[in-house]
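Peer 1: The structure's right below; bear with me while I get my questions together.
The values are calculated or read from the model by the stated rules, or taken from the named source; none is laboratory data. Because the structure is predicted, anything quoted here is derived from the model rather than measured. Keep in mind that these areas ignore ligands, DNA and RNA; they rest on the heavy atoms of the full protein, side chains included. Shrake-Rupley method; radii C 1.70, N 1.55, O 1.52, S 1.80 Å.
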Amino acid sequence: MNVPISHETKKEFQLERMILFSDAVFAIAITLLIIDLKIPDILPPVTDQKMSDSVIALIPKFTGFVLSFFIIGLYWTIHHRIFGFIIGYTSKLVWLNLIFLFGVVLMPFSTSFYSEYLLEYLKLPVIFYAINISFLGVMNYIVWKYVSNPKNHLTENLPRLLPQYYSVRALAIPAIFMIMLALYLYFPTYAVFIPPLIPLIMFSISKYFKPKMARLAGKAKK
């Protein structure tokens, strides 16, 4: 005798499928970043000098890899945090999530394009890379706004300031890259120093929001 599956079980299963699919996309994208980093092909006779020159030539690609690795990782942690509160789904959420993942899938290509011409100060690769990252941030913000809207009944136990905190974090990275892009058009040598400011800015955002969230949590317990 077949036991009918409840509506709640089906909903949980479909939500789990969406989460697993998203995690797989993140994992594949972050793994594909390493493809450009290959052992240098050095013509014999191999010397330490030739090897050093080949490794130095890889620095732009390694820089692009590290930067994109941590950006994708940051957006994965935000995505993970979002879905930790979600108890249901809608067709709109599925499509918003899929559009967001489109930006994730594009990251290995835009990173390769950007890092390949990093030292030649060409504008198009930087524009493409900055737009890709900005698209990710904006889509992440849109997903947060949608799921945190009480009218959609998609979350439970969501702290009041948490959506605002993660929304600011999601938009901070596009803002940083738009500033970098504007600076790059006129002073490309200085623009490359903008992305390393991301950890400092993320820390500042956390420093601002976390005491407020802690106070709210303390009041809720009383």
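Peer 1: Just reorder H80, H153 by solvent-accessible area, largest first, 1.4 Å probe, all chains present.
Peer 2: On the way: H80 110, H153 145 Å².
Ranked from most to least accessible, the order is H153, H80.
Peer 1: Compute, for M18, the solvent-accessible surface of its heavy atoms (probe 1.4 Å) with the complete set of protein chains present, and express it in square angstrom to the nearest 10.
Peer 2: Ignoring ligands and nucleic acids, M18 comes out at about 20 Å².
Peer 1: Relative contact order for segment 142-218: what percent, with Cα pairs under 8 Å and sequence separation of 6 or more?
Peer 2: Across segment 142-218, relative contact order equals 30 percent.
Peer 1: Separate question: To the nearest 10 Å², what's L197's accessible area with a 1.4 Å probe?
Peer 2: About 80 Å², ignoring ligands and nucleic acids.
Peer 1: Normalising by the residue count of the chain, find the relative contact order in percent from Cα pairs under 8 Å and 6+ residues apart.
Peer 2: Here the relative contact order equals 19 percent.
Peer 1: Taking springs between alpha-carbon atoms closer than 10 angstrom, which of L101, L33, L20 fluctuates most in the Gaussian network model of the chain?
Peer 2: Checking each option, the largest mean-square fluctuation is seen for L20.
Peer 1: Would you mind calculating the gained length between L161 and F62 on full extension (0.36 nm times residue separation, minus the Cα-Cα distance), in nm to one decimal?
Peer 2: Net length gain for the segment: 32.0 nm.
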